[in-house]
Structure formats: structure tokens, C-alpha cells
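Read the structure below first, then the notes.
FYI, it's all coordinate maths here, none of it is from the lab. Computed from a predicted structure; not experimentally measured. A quick note on method: Cβ atoms are made from the backbone with ideal geometry, for glycine too, and the neighbour counts reach across all protein chains shown.
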Amino acid sequence: MPDAHQTYKPTIVPVLSYEDIMLRSPRFAAVNIILYQKNGEWCFPLIVRKRYKHDKHSGEVALPGGQKEHFESSFAETALRESHEEVGIDRQDIRIIREMSPVYVPPSNFYVYPFISYTKRNPTFYLQKSEVADYIECPVSRFLSLSEQPEMMALPTTGGIEVPVMNLSGHVIWGATSMILSEFRQMLQRM
């Protein structure tokens, strides 16, 4: 697990080796950090998941993404399909820049492959109403201005246990999404 992930890894989540994770027969998924320019500034979208009673990630702020389908030959293909489905960006307009470190999500048993991509178009977002309640346009400059030290916050989904979170203008980001974004921030800072 990269150091960037450690900063935002909830203490309630055990550290597992790749072999231990594979013994749990995880489902595979991919998410996408889609960079685009708006008014001369680089941005990326986050989504707010719809609230469903039995969804372990109900109402959370996340990156566009989802489960890999059996017909997909790569996780990049999954990231592109899910980006189109959830926020309506045409997969032909998205270029993958690189893959990031995968993250295991114990509550839902997903092993998630994150990607960084970009589109030359200023996207118009068309949300998948069955899964996405809203979206947040996150300017990279605002994202980079967040404190590198997480806030600690007790959340209803953690049973009142405090976990490290990113607070983006009142939007609480935690768990796998904050771990992925922490690695993304580290990559940007090294540029």
C-alpha cells in the first residue's frame, strides 16, 4: 500500500496482503479521475452516490466508476464505460494517462483499480439517475489547497468510530476515495 494511502486508511480496516485479499474472492472495479479544463482551470468531477437502504456506500462522495463486467478486457475499459454511464462523458473523448495503485474496500469486497484520464472537451454532465444523486466539480487548485493532514470524523456508516476524511467545501470524502485522491495529490505535488 503506498504511503499516500496510509494517511487516509481508516484504522478500522485491516491491512491485508494481496494474497489475503484474493482469498476473499473480491469483485473487481475501476474508477476514474477525469481531468478537464473549465474557464482556464483544471478540474475533475466527484459524484454523490444515491442513497439506498442496503448499499454499503450509500450517499458517499466517490469517483465515477463501478464493477468490471465479464465482457471487458481491461480495467481501463471499465473506467471508461463507467465514466460514460455515471457522468455522461463520451468514452471516445477520454484519454487514459495512467493507472494508479489499486485499493481494497473490505465492506463491499471490491478491489478497485483507479485511473487518471483527461478530456479536451469541457464536459456537460449527464448523471445516471439510478446511481448518482449529484456531482461536484473539483478544481485541482482547491483540491491541492486542502490540508495534507486529514480531519478525524465519526460517521454514521462507521458506527461512530472516527476515521480520516478530506473535507472539500463541506463534502466529506473518506475511505477508498480519499486514499486514491491522496495518491493523486502526491503525484501532482511531485510534478
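So here's what we get for this one:
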read-out	value
Once exposed loop trypsin sites (Lys or Arg not before Pro) are cut out (DSSP; at most 15 other Cβ, 10 Å), longest piece of the chain	57-119
Modelled FRET efficiency - R0 22 Å, ILE136 with GLN37, Cβ distances, 0.05 increments	0.85
Prolate/oblate/rounded label for the chain (Cα gyration tensor, a/c 1.5)	rounded
Alpha-carbon centroid distance for the pair region 54-127 / region 1-48, whole angstrom	11
Long-range amide H partners of LYS68 with built H, under 5 Å	PHE28, ALA29, ALA30
For LEU168, distant residues with modelled amide H under 5 Å away	ILE173
Positive-end residue, region 71-191 charge dipole about Cα centroid, Cβ charges, pick of ILE136, PHE71, GLY159	ILE136
Helical contribution to [θ] at 222 nm, DSSP H n ≥ 4, -39,500 (n - 2.57), averaged over the chain, rounded to 500	-7000 deg cm²/dmol
Cα-projected label distance for THR158 with THR124, points at 7 Å along beta-carbon direction, nm	4.0
Residue exposure sequence - LEU127, LEU155 - by fewest surrounding Cβ within 10 Å	LEU155, LEU127
Dipole in debye (nearest 20) - region 51-191, about Cα centre, beta carbon charges: Lys, Arg +1; Asp, Glu -1	220
Violating pairs (Cα-Cα greater than 27 angstrom) within the set LYS9/LYS50; LYS38/LYS129; LYS68/LYS129	none
Given 15 as the ceiling on other Cβ atoms within 10 Å, longest exposed-site-free region of the chain for chymotrypsin sites (Phe, Trp or Tyr not before Pro) in DSSP loops	127-191
Region 9-18 - phi-based ³J(HN,Hα) in whole Hz, Karplus 6.51/-1.76/1.60, Gly and Pro as x	6, x, 5, 7, 9, x, 7, 10, 6, 4
Per-pair calculated FRET efficiency, R0 = 30 Å: LEU23 and HIS171 via Cβ, rounded to 0.05	0.30
Qualifying GluC sites (Glu not before Pro) for region 89-191 [loop in DSSP, other Cβ within 10 Å: at most 13]	GLU148
Cα-based shape type of region 80-177, given that a ≥ b ≥ c are square roots of the gyration tensor eigenvalues and the cut on a/c is 1.5	prolate
Burial ordering of ILE97, ILE89, fewest other beta-carbon atoms within 10 Å first	ILE97, ILE89
